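Here's the structure we're looking at; comments come further down.
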Amino acid sequence: MNNDNSFKTVDLREEMERKKKRKERADEQKIEQIYQPSEETKRELQRITPSSGSSSIQPMRWIIVLAAFIMVGSVVWWTASEKKEPQPEAGKEISGKTDPNLWYAVKLSSGEMFYGQVESESADPVSLNNVYYNYDMAKDDKKDVSETGSIRLVKRGKETHGPSGVMKVVRSQILFMEPLAEDSKVLKAIKDNENAIQAK
């Protein structure tokens, strides 16, 4: 006799895998339904229509190209105009050199005042040729030139340490450099001394 109370063996792993596969298939079908285009959508996608934005792109492109040409042209013009030689003015530098006939008063941060011919105003150090200084100021720096009303100029180069007469001054030590006026008493005294030296 056959007993109905017999036990049936079930493999739980297989059962779980079957349920999992069924669920995956159901999920796939849902996804396909979502991404499945309808007939109307297919017809819309197959219809070719010109985009509305393409007509406005063309003028914008020309505006950008024109702006780029203007910018490049202005940069070229600016660099070309910067390289032109400046027109010399009285006492101004010409091609990096200062007029050799022009005499300058150069005041240092130490209070000393020197007179001479500057090779180049833009150089660092500034080279000062044919240097003169006030003997009274060098001897007694408490006495100001304006107090005495007169100055005794000495040409640099005859001192004990035997300098060459050329002075190189670091630009940061210079308070100001200014050309001497043609009618300056200091310039007249310097020129008289220079003429006397050349006459010897």
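The values are calculated or read from the model by the stated rules, or taken from the named source; none is laboratory data. The shown structure was predicted, so the numbers you read here are calculated from the model rather than taken from an experiment. Cβ atoms come from the backbone with ideal geometry, glycine included; neighbour counts cover every protein chain shown.
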Take residue 149 and decide whether it is of a type in the set (Gly, Ala, Ser), over 40 Å from the mean Cα position of the chain (by Cα), within 24 Å of residue 178 (Cβ to Cβ) and at pLDDT below 80. yes
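Kindly indicate which of 125, 163, 86 is at pLDDT 75 or above and more than 15 Å from residue 179 (Cβ to Cβ).
On the way: 163 fails: at pLDDT 75 or above; 86 fails: at pLDDT 75 or above.
Going through 125, 163, 86 in turn, just one is at pLDDT 75 or above and more than 15 Å from residue 179 (Cβ to Cβ): 125.
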Looking at segment 97-122 only, could you name the residues that are modelled with pLDDT of 75 or more and of a type in the set (S, T, N, Q)? 109, 110, 117
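Identify, please: which residue in segment 154-183 is part of a loop (DSSP other than H, G, I, E, B) and touching a residue at least 40 places away in the same chain (Cβ under 8 Å) and is, among those, nearest to residue 124 (Cα to Cα)? Can you show your working first?
Filtering segment 154-183 for residues part of a loop (DSSP other than H, G, I, E, B) gives 156-166, 170, 180-183.
Going one step further and asking which of them are touching a residue at least 40 places away in the same chain (Cβ under 8 Å), we end up with 156, 170, 180.
On the way: 156: 21, 170: 6, 180: 21 Å.
Looking at the filtered set, the residue picked out is 170.
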